[in-house]
Amino acid sequence: MSEQNKSNKSNERNEKNENQITENKYITDIFVEGARKGWNIGIYSMIPNILMAFVIIQLLRITGLLDVIGVVFQPLMGLWGLPGETALVLIAAIMSMGGAAGVAASLFSDSLISVTDIAVMVPSIYLSGSLIQYLGRVLGVIGFAPKEIGVLFLITFINSLAALTVMSIII
């Protein structure tokens, strides 16, 4: 028997053993593995974004810029029955969904927005969520033409506005 055939048979046995190992996993092992991954995402990704958002909102409040932003964006956000400060949530969503959640939570804890305001914004947050992160991670790797990135932003913006409109009618 040639060396190549021996190697192929050895590889086949190893693959069978690996398949048996994965097939014999207990449901609790799979659950624990998934819980660990979820915990790591929360600790290393979501919590820092939410914490950063709380800090930024407090800095804007202390400097008085939060009031200015509220006044400037009130005419636009008022189209959907939202206070001007909610523009910060939607701007944050483009960069990070976790950051948008933090901004919304901070504004809510300061009684600047209501639960209804958050409900109106949630679909828009998800439709535009983390757009900048995804553009950098995915499109940069595949060599997407930079001139077409504007089209992606426009599509996301239109979807986000449509979601705001539908939610403001429903709620």
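Each value in this text was obtained by applying a stated rule to the coordinates, not by laboratory testing. Model, not experiment: these values are computed from the prediction. Cβ sites come from the backbone with ideal geometry, for glycine too, and all protein chains shown count toward neighbours.
Data overview
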{"read-out": "Estimated vicinal HN-Hα couplings, Hz - the range 50-61 in sequence order (Karplus 6.51, -1.76, 1.60; Gly, Pro = x)", "value": "5, 4, 4, 5, 4, 5, 4, 4, 5, 5, 5, 5"}
{"read-out": "Fewest-first ranking of Thr156, Thr116, Thr28, using other Cβ atoms within 10 Å as the exposure measure", "value": "Thr28, Thr116, Thr156"}
{"read-out": "Gap separating the Cα centres of the range 89-151 and the range 34-70, nearest whole Å", "value": "12 Å"}
{"read-out": "Peptide ranges 62-72, 79-89, 93-103 listed from the most packed, as the mean C-beta count within 10 angstrom indicates", "value": "93-103, 79-89, 62-72"}
{"read-out": "³J(HN,Hα), Karplus 6.51/-1.76/1.60, whole Hz, each residue of the range 129-134, x for Gly, Pro", "value": "x, 6, 4, 5, 4, 5"}
{"read-out": "Zone residues, the range 89-106, relative to Phe157, backbone N less than 16 Å from point 7 Å out along Cα-to-Cβ", "value": "90-95"}
{"read-out": "Over the range 109-171, relative contact order from alpha-carbon pairs under 8 Å, at least 6 apart, %", "value": "64 percent"}
{"read-out": "Rounded if a/c under 1.5, otherwise prolate or oblate - the range 41-125, Cα gyration tensor axes", "value": "oblate"}
